[in-house]
Every structure is written in C-alpha cells, then in structure tokens.
There are 2 protein chains.
Amino acid sequence: MHQINVGEDLRERNREIAAENHEMLRRHGVFSLNIMSAPGAGKTSLLVKSIPLLKDKYRIGVIEGDLQTTRDAERVGALGIEVHQIQTGGVCHLDAAMVHSALHQLDLDLLDILLIENVGNLVCPAEFDLGVDARVMLLSITEGDDKPKKYPLMFTESRLLILNKVDLIEMVDFDIARARREAMDINPRIEIIELSCRSGAGIEEWTGWIEKLYSESGVE
Amino acid sequence: MHQINVGEDLRERNREIAAENHEMLRRHGVFSLNIMSAPGAGKTSLLVKSIPLLKDKYRIGVIEGDLQTTRDAERVGALGIEVHQIQTGGVCHLDAAMVHSALHQLDLDLLDILLIENVGNLVCPAEFDLGVDARVMLLSITEGDDKPKKYPLMFTESRLLILNKVDLIEMVDFDIARARREAMDINPRIEIIELSCRSGAGIEEWTGWIEKLYSESGVE
C-alpha cells in the first residue's frame with residue numbers, strides 16, 4: 001500500500017536525523033528526554049511542577065511541541081528557563097528534523113538537561129525517535145486502564161510510564177494493578193511511577209528518576 | 001515540503017472516497033455519525049450507555065476503529081447490535097477507504113443509524129472526512145479546558161461537542177464556561193452537551209440530539 005511505503009521512507013530518514021541529534025546532544029554534554037502522552041494527560045503540568053526542583057542544580061532547557069498555540073511554552077517559560085517552541089502547523093507529532101532545527105537555535109553548551117514535550121497524541125509520537133536518551137510517557141488514570149494493549153507502541157518505546165492524576169483514583173474505574181500488568185506484558189523493562197501533579201505526590205520520585213538517569217548517562 | 005504534498009494528495013483521494021461513502025449511505029437510507037476524541041475520553045462508554053436507549057426504535061450499526069485490539073468492538077457487540085471492526089494496524093485515524101471497505105461488509109439495508117467510533121486521537125481523525133452526516137467530538141473535562149485552542153481543527157469540523165466526565169467537575173481544574181467560549185470562538189455553530197457516562201447525566205440529551213438529526217436528515 002502506497003501510504004505505508006511513504007511512511008517507511010519518512011521513518012528511515014527520521015532515524016538518520018535522530019542519530020545526528022543524539023550525537024549533537026552528547027557532544028555538548030546534554031542529557032535529553034522525550035515526554036509523550038495523549039492530550040491533557042498532564043505533560044506541561046509535570047514540567048511546571050518538577051522543573052523548580054531541578055533548576056538550581058541543573059541547567060534545564062525545554063522544547064515545547066504544539067500544533068498551533070504557544071500556551072504551553074508560556075507556562076513553562078514563566079519558570080525562568082530556556083524554552084524553545086516548535087509549532088508543527090497541524091502535524092500530529094514532533095519528528096527528528098523539527099527537533100534538529102530547534103537544537104541549532106539553542107545554546108547547548110549552556111544546558112545540562114533538555115526536556116522535550118511532544119504533541120499530545122498517544123499514537124504517532126511513538127513512531128518518531130527524536131534522538132533523546134530516553135522516552136517517557138504519561139497516562140492519566142482518567143483515560144482508562146485498557147490503554148496499554150490499545151496503544152502498545154507508546155508503551156514499547158518508553159523507558160518510564162508515569163501514571164498521572166492518581167489523586168482521582170477513588171472517582172474513576174481505573175485498576176492500577178491491571179494497568180501495571182498490561183504495561184509490563186508489553187514492555188517488561190518499563191519503569192512505572194504513580195504521580196499527581198495536583199497533589200504533588202510522586203513528583204520527587206520523578207525528579208529523582210531524572211537525576212539517576214542523568215548521572216548514569218555519563219554526560220558532562 | 002515533500003511530506004505536506006504527499007498529505008495533500010492523500011487527503012484529496014480521501015475526499016473522493018468520502019463522497020462515495022456518503023452517496024452509498026444515503027442510497028441505503030442510513031444516517032451516520034463519526035465520533036472522535038483523544039484516547040480515553042469515553043467514546044466506547046458513550047456508545048454502551050446510549051445505544052440501549054435507541055436500539056428498540058432504530059436499527060443501529062457500529063464501526064469500531066482501533067489500532068490493534070478488538071476490545072471496544074466486544075464491549076459494543078455485547079449490546080446485541082451489528083458491529084464491524086476496523087483494525088488500522090497502527091494508523092492513527094480512520095480514513096474513507098477503510099470505512100468504504102467496511103460498508104461493503106455491512107448489510108446497509110438493515111440499518112437506520114451507523115455510528116463510527118474513530119481511533120482515539122485529537123489530531124488526525126479531524127483531517128479525514130469519512131462521508132458521514134455529522135461529526136461529533138468528545139472532550140473529557142479531565143483533559144483540561146485549554147484544548148479548543150490547542151487542537152482547533154477537531155472543533156472546527158465537529159457539529160457537536162460532548163463535554164464528558166462532568167461528574168468529576170469538583171475534582172479537576174476545568175472551567176466549563178471557558179471551554180464553551182473557546183470552542184465557540186473556533187466554531188460559532190458548534191452545539192455542546194455536558195454529559196457523564198458514569199452518572200448517566202446528559203445521555204438522553206445526546207440520544208435526543210441523534211434523533212433530531214436523524215429526523216432532519218430525511219433518510220428513510
């Protein structure tokens with residue numbers, strides 16, 4: 001089918017540029033994460049809650065991917081860190097080339113950690129490697145515990161699954177044990193953190209996870 | 001840019017097939033809706049809650065779009081109505097050709113209303129007309145009230161916006177008035193129903209909306 005072949009060519013080209021991005025980030029001593037989720041799962045809130053715990057110790061930069069608006073970049077920029085906005089103009093995911101252009105506009109020598117917030121979409125962002133050190137996904141428990149099996153690629157590609165909005169657990173029919181089990185059926189090595197951006201529960205576990213990976217990555 | 005041109009060709013071809021679908025559905029006297037939302041906003045729950053209120057009066061068929069699993073089709077099929085499953089194999093939206101194949105496998109003369117549940121995605125499904133009479137979108141209030149401006153095309157293309165999970169309104173920072181205002185800034189003609197699949201509030205308003213459009217559509 002024609003559509004699939006076009007997709008495969010695009011993905012091969014994406015892989016090449018992602019490798020360039022990775023080399024470029026490493027050369028400048030930058031540790032990087034690609035943060036993915038469905039719309040409204042809380043990616044921006046996670047950044048807003050956790051960057052204040054990190055920014056005195058590490059020099060943080062953020063790339064914000066959005067279809068149209070600059071709202072997320074404004075929310076994160078209010079933290080007083082370097083934020084670069086990518087507006088995809090309707091494209092439903094970031095790709096390595098978009099990030100490559102952004103990397104050329106950031107002063108990478110002034111950064112330790114780069115956090116990339118992808119477009120809100122549980123499907124396509126998982127298909128496009130950006131060249132980061134690790135991918136992280138958020139699943140809001142309001143989305144339902146059947147999501148791992150329904151959207152498996154995102155779970156396969158992520159090193160960390162954040163179950164967000166756990167403050168709502170009594171109000172929704174979400175079985176955390178089932179979601180954990182199904183996520184690990186798909187990706188036995190996935191790590192899982194339960195978190196609430198609203199209550200603050202789990203935020204320090206998340207920043208601790210970033211610090212551990214940063215330290216293990218050997219960037220300097 | 002090459003990627004955009006490929007997209008435009010695909011969309012033009014999609015429009016042609018969508019027009020065929022529409023003609024085919026009308027010829028067989030079938031009124032049809034394309035139901036779209038982000039993952040976990042409650043599309044399947046909406047069908048499960050509302051079809052029992054409609055199925056004694058109308059002959060209902062459902063097309064279920066999913067990346068991989070048949071879970072949603074099983075949930076809806078348990079209602080004792082005709083369900084056709086489309087597994088997109090990782091493609092993040094239904095397109096008119098997928099629906100066209102499904103239409104050929106349904107006995108359209110035995111249906112009054114066809115409900116198509118799209119893949120959970122707030123971006124791409126809005127770009128692919130399926131040839132239905134109207135598009136409906138769900139926004140779960142747990143996703144945040146900033147979504148209309150961030151994902152405008154879905155709001156532009158939808159005739160009805162369902163604000164789902166309103167039973168959680170006290171638990172989340174969602175301003176219904178703001179979401180309504182921003183949705184109407186984008187699409188002044190959009191109709192809006194507040195609903196909770198969990199409590200049942202608003203379900204009859206939704207089935208009444210379907211009945212009104214069915215009656216106005218002139219299918220017979």
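Inclusion of A:R11 among residues that are within 13 Å of chain B (Cβ to nearest Cβ), closer than 30 Å to B:L10 by Cβ and basic (K, R) is warranted.
Across the range B:48-99, what is the total count of residues that are in a helix (DSSP H, G or I) and either within 14 Å of chain A (Cβ to nearest Cβ) or in contact with a Pro (Cβ under 7 Å, 6 or more places away or on another chain) (or both)?
Start the filter on the range B:48-99 by keeping residues that are in a helix (DSSP H, G or I), which leaves B:48-54, B:71-77, B:96-99.
Pick out the ones that are also either within 14 Å of chain A (Cβ to nearest Cβ) or in contact with a Pro (Cβ under 7 Å, 6 or more places away or on another chain) (or both) and you get B:48-49, B:71-76, B:96-98.
Residues in the range B:48-99 being in a helix (DSSP H, G or I) and either within 14 Å of chain A (Cβ to nearest Cβ) or in contact with a Pro (Cβ under 7 Å, 6 or more places away or on another chain) (or both): 11 in total.
Of the candidates B:L122, B:L153, B:L115, the single residue that is touching a residue at least 24 places away in the same chain (Cβ under 8 Å), hydrophobic (A, V, I, L, M, F, W, C) and closer than 19 Å to B:Y214 by Cβ is B:L115. Whenever a residue of the range A:31-51 is of a type in the set (D, E, K, R), its partners that are part of a helix (DSSP H, G or I), lying with C-beta atoms within less than 7 angstrom and at least six residues away or across chains, give the pairs A:K49/A:I203. Suppose the filter is in contact (Cβ under 8 Å) with a residue 40 or more places away in the chain and crowded, with 20+ Cβ neighbours inside 10 Å; does A:I210 pass it? Yes; evaluated as a whole, the condition is true for this residue.
No lab work stands behind these numbers, since they all come straight from the coordinates. Since this is a predicted model, take the numbers as computed values, not measurements. Heads up, the Cβs are rebuilt from the backbone with ideal geometry, glycines too, and the neighbour counts pull from every protein chain shown.
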